[in-house]
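A short worksheet on the structure shown next.
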Amino acid sequence: MKITTALSLGFLLGTSYLPGAMAQQITGTPGSPSATVTIDGKQLPPPPAEFGGAIEESAKDSKPWWPPRVVPPKGAPNILLIMTDDQGYGVSGTFGGVIPTPALDRVANTGLRYTQFCSTALCSPTRAALITGRNHHSTGNGVIGELSTGYPGYDSIIGQDNATIGAILKGNGYATSWFGKNHNTPGFQYSAAGPFDQWPSGMGFDYFYGFLGGETDQWTPYLFRDHTQVFPWIGKPGYNLTTDMADEAITHMRNLNAASPDQPFFVYYVPGGSHSPHQPTKEWSDKFKGKFDMGWNAMREQIFANQKRLGVIPANAELTAWPDELAKWETLSADEKKLFARQAEVYAGYTAYTDNEIGRVIKAVEDMGKLDNTLIIYIVGDNGTSPEGTLLGTPNQFTAYNGVLDVPVEEQLKFYDAWGSPATYPHMAVGWSWAFDAPFKWTKQVASHFGGTRQGLAISWPARIKDVGGIRHQFHHMIDIVPTILESTGIQAPAQVNGIGQTPIEGVSMAYTFDKANADAASTRKTQYFEMAANRGIYDDGWYANTTPPVAPWILNAPMPDIGAYKWELYNLSEDYSQAHDLAAVMPDKLKQMQATFLQEAGKYKVLPLDNSAFARAITPRPSATAGKTFFTYTGENVGIPTGNAPSILNRSYTITANVEVPQGGGDGMIVTEGGRWGGYGLYLLKGKPVFNYNLLMLLQARWAGDEPLAEGKHTIAFEFAYDGPGLAKGGTGLLKVDGILVRSLHIPKTIPFLLPADETFDIGLDTRTGVNDKDYQVPFRFNGKIAQVTFKLEPEQLTSNDHQAIKHALNTARD
């Protein structure tokens with residue numbers, strides 16, 4: 001009997017029939033291995049095509065058939081979506097800054113610059129909005145993932161009904177990849193246990209090479225290839241992730257081109273620069289030696305003048321007032337000026353270095369002959385410049401994260417020559433952050449003002465954009481990038497992905513601005529809300545209303561007012577670009593109208609309930625495979641367990657017990673460790689001698705060590721710590737024992753209160769990234785014996801209700 005299908009008729013007519021979908025144009029010989037089809041994209045993946053050949057009893061009388069390969073619409077461009085980190089509007093030279101950014105210049109000079117493009121003020125939220133085309137609360141990313149809470153707008157989970165641009169383009173035949181920062185996988189899903197639906201692979205990206213969380217050390221990064229942690233710096237002196245990432249992206253694109261030269265690519269390229277730690281190679285820092293001796297106030301004036309000259313702010317724009325809370329440069333001591341200038345030199349070096357490597361990626365596209373039909377979207381920062389270095393900056397960002405603020409200038413100057421090197425994990429003083437956000441007020445974290453949300457944006461597409469070097473002033477937002485890509489590719493937003501109905505895309509396309517005829521067209525974005533930790537803003541057809549931040553983001557232990565008690569401001573942006581003149585007092589009715597619009601938008605996009613506890617949410621209970629456990633057992637070598645799945649020794653008594661076998665010739669290597677150079681602990685054998693080392697954020701190294709090496713054979717090594725609680729970050733007495741015999745007792749005055757470095761891991765049998773004591777050993781530091789068992793016994797946390805409140809305030813500088 002001859003078997004045919006409804007699909008056969010479609011191929012005779014030059015189209016394919018997909019059940020439940022529109023007929024689509026097919027190219028190539030129907031039924032051949034080279035046949036391709038462009039789908040309508042309403043349903044991803046499309047329903048399986050029915051067999052289009054013929055089957056007889058014998059193969060010689062039958063007709064084979066191959067399902068066509070899905071490809072994008074003819075002429076669809078490659079997409080290179082680039083976004084840097086923690087760079088406000090006044091950072092890049094392309095938008096008036098004093099730091100040269102030639103790669104960004106190239107995109108702007110062959111395309112367009114946008115002067116009213118906005119973010120959400122924080123990392124995970126901006127990135128969720130960017131890759132989904134929905135508002136950050138709509139995707140569960142109302143705040144960074146580390147601060148997630150159990151409400152729909154804040155749970156840090158991008159639901160399956162919010163498919164990313166990666167999933168959409170992949171489903172339509174693009175090769176998709178993600179390089180760099182991934183701050184959209186919930187922290188409680190970092191482990192090898194997954195689940196992986198919230199990793200790049202589960203969000204539509206065929207290939208991922210990058211790091212998880214808000215930041216990582218650029219010299220020894222917490223790095224993954226797809227789901228596997230990798231250590232590419234080993235054996236490579238001078239390694240830096242900024243260059244490695246560009247190398248990986250270039251290699252990946254070349255491999256794609258060799259294997260499938262006609263297949264369009266979507267590369268999402270998001271380096272860590274210029275988020276702390278500021279760690280460029282020395283040559284890049286040296287380029288800026290002496291360039292910031294003029295100080296932050298003079299630099300801000302210079303940026304403002306540059307912005308006027310370039311036309312990236314209106315001619316009538318005003319430079320907003322310098323805040324009383326921040327010192328003016330001329331009031332600083334000579335040592336302060338020396339230190340702060342060095343901080344800015346390294347930040348500038350990191351920014352320029354990052355742009356240079358982006359330029360290499362763009363050049364690789366050109367070298368493949370694909371630049372003409374590549375849509376390049378280059379976004380300058382995911383939020384304003386960061387204030388998390390606090391008033392004085394720091395050589396180790398984890399001191400600020402743990403509430404140790406304002407490390408004395410004289411102590412910081414000890415790191416002057418090493419600033420930015422592997423010996424530091426640095427951030428700069430807030431004065432620079434405010435100045436780099438010129439002409440606006442405020443900084444990252446502050447969603448109410450454009451200092452926290454205004455980003456430079458350049459878009460080029462030589463085959464389509466002909467008004468090269470043009471400037472566009474329409475008001476747009478991160479959520480508008482996805483619909484811009486979709487319109488540019490001729491791909492529609494799907495109604496269903498993997499059988500799940502999709503929420504509507506909430507952004508609007510910016511593609512209308514590509515035409516010179518629309519250079520001065522009214523913005524298609526009429527309304528946009530802003531909210532972060534109850535700092536609120538609402539844009540509505542040229543007007544903007546916002547709350548006044550009651551507390552600066554670099555100030556801790558300050559009580560927050562009731563949400564309803566915030567002061568509101570009002571601005572007419574068509575006349576007041578930089579929010580310099582508050583009209584709230586003279587236009588109360590307009591303000592009330594704008595406040596009502598905010599509440600309407602907040603209800604629509606899952607912004608409620610408002611929560612101004614800000615980064616206090618770090619201690620909120622959230623899903624964990626180890627929540628509530630007080631006894632942990634490990635056997636053999638276990639490497640790469642994320643901090644969130646490790647036993648927490650903070651603010652409590654505990655006992656670590658290791659049953660090991662020392663080999664002939666003596667034992668050496670790590671038994672168990674968490675953290676590293678910037679803070680943490682390790683139990684190890686060093687030339688046979690047992691050692692427990694506690695690194696208090698580089699402020700103190702406490703070391704318990706035995707006098708004699710352990711003999712060959714089985715031993716039990718135990719470290720017992722009695723905490724001096726109740727209270728936060730108290731000291732305690734540690735006892736190091738071998739086979740039940742005390743070998744060392746030591747009391748330490750303080751302990752780490754809040755956070756161990758999240759870009760390190762909990763490791764058994766091997767230290768993988770940085771050591772807790774560089775004087776003792778170098779990584780990788782593998783135990784050369786056998787580990788039968790390691791156990792942790794945790795006593796209850798010794799914290800009072802006041803301590804919990806202190807944690808809530810101190811965590812205002814938590815990482816993002």
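The values are calculated or read from the model by the stated rules, or taken from the named source; none is laboratory data. Given the structure is predicted, the values throughout are model-derived calculations rather than measurements. As a convention, Cβ positions derive from the backbone with ideal geometry for all residues, glycine included, and neighbour counts pool all protein chains shown. The protein model used for the area step is the full one, side chains on, heavy atoms only, and it has no ligands, DNA or RNA in it. Shrake-Rupley method; radii C 1.70, N 1.55, O 1.52, S 1.80 Å.
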TODO: Kindly write out, for the range 83-91 in residue order, the coupling ³J(HN,Hα) from the Karplus curve 6.51 cos²θ - 1.76 cosθ + 1.60 (θ = phi - 60°), rounded to whole Hz, with x marking Gly and Pro.
DONE: 8, 8, 10, 6, 10, x, 4, x, 7
Open item on the list: Looking only at the chain, where both bridge partners belong to it, what percent of the DSSP beta bridges are antiparallel (to the nearest 5)?
Closed with: 75 percent
Open item on the list: If I take every Cα pair under 8 Å that is 6 or more residues apart in the range 695-760, average their sequence separation and divide by the length, what percent do I get for the relative contact order?
Closed with: 29 percent
Task: Between the range 583-606 and the range 118-186, the Cα center-to-center distance that results, in Å - done: 27 Å
Open item on the list: For a test of the definition: using alpha carbon positions, the gyration tensor, and the 1.5 limit on a/c, classify the range 40-185 as rounded, prolate or oblate.
Closed with: oblate
- [ ] For the range 110-125, just list the computed ³J(HN,Hα) in residue order, Karplus coefficients 6.51, -1.76 and 1.60, θ = phi - 60°, integers in Hz, with x standing in for Gly and Pro.
- [x] 9, x, 10, 10, 10, 9, 9, 10, 10, 10, 9, 4, 9, 5, 3, x
Open item on the list: Residue by residue through the range 242-251, what is 3J(HN,Hα) from phi via Karplus (6.51 cos²θ - 1.76 cosθ + 1.60, θ = phi - 60°)? Round to whole Hz and write x for glycine and proline.
Closed with: 4, 6, 4, 4, 5, 4, 5, 5, 5, 4
Open item on the list: Before I look further, what does the chain give for accessible area per residue, probe 1.4 Å, in whole square angstrom?
Closed with: 35 Å²
Open item on the list: Kirkwood Rh and Cα-based Rg: tell me the resulting Rg over Rh for the range 232-349, rounded to two decimals.
Closed with: 1.12
TODO: Summarise the accessible area of the chain (1.4 Å probe, protein heavy atoms) by the percent that is carbon and sulfur.
DONE: 54 percent
TODO: Considering only DSSP beta bridges where both residues belong to the range 157-245, give the percentage that are antiparallel (nearest 5).
DONE: 50 percent
Open item on the list: Taking loop as defined by DSSP and a crowding limit of 14 other beta carbons within 10 Å, which trypsin sites (Lys or Arg not before Pro) in the range 732-796 fit?
Closed with: Lys775
Task: Alpha-carbon centroids, the range 496-535 and the range 211-290: separation in whole Å - done: 30 Å
Task: the range 698-767 shape via C-alpha gyration tensor axes, a/c threshold 1.5 - done: oblate
Task: Net length gained if the chain between Asp589 and Glu487 were fully extended (0.36 nm per residue, minus Cα distance) - done: 32.9 nm
Task: Loop trypsin sites (Lys or Arg not before Pro), the range 480-546 (other Cβ atoms within 10 Å of the site Cβ: 13 or fewer; DSSP) - done: Lys526
- [ ] Go ahead and run the numbers for FRET between Ala517 and Glu366, Cβ-Cβ distance against an R0 of 22 Å, rounding to 0.05.
- [x] 0.20
Task: MRE, 222 nm, helices only [DSSP H, n ≥ 4, -39500 (n - 2.57), over the chain, to nearest 500] - done: -6000 deg cm²/dmol
TODO: Have a look at the DSSP beta bridges in the range 82-224 and tell me what percent are antiparallel, nearest 5.
DONE: 20 percent
TODO: Let me know the shape class of the chain, please: from the alpha-carbon gyration tensor, a ≥ b ≥ c as square roots of the eigenvalues, rounded when a/c is under 1.5, otherwise prolate if a/b is greater than b/c, or oblate.
DONE: oblate
Task: Filtered GluC sites (Glu not before Pro), the range 634-709: DSSP coil and at most 14 other beta carbons within 10 Å - done: Glu637
TODO: Please tell me the relative contact order of the range 39-125 in percent, rounded to the nearest whole number, where contacts are Cα pairs under 8 Å and at least six residues apart.
DONE: 13 percent
Task: Radius 11 Å from Cβ of Gln412, net charge of other residues (Lys, Arg +1; Asp, Glu -1) - done: -2
Task: Entries in Lys170/Lys604; Lys181/Lys282; Lys291/Lys441; Lys282/Lys689; Lys363/Lys441 that, when Cα-Cα distance is taken, lie over 31 Å - done: Lys282/Lys689; Lys363/Lys441
Task: Length-normalised contact order of the chain in % [C-alpha pairs under 8 Å, at least 6 apart] - done: 15 percent
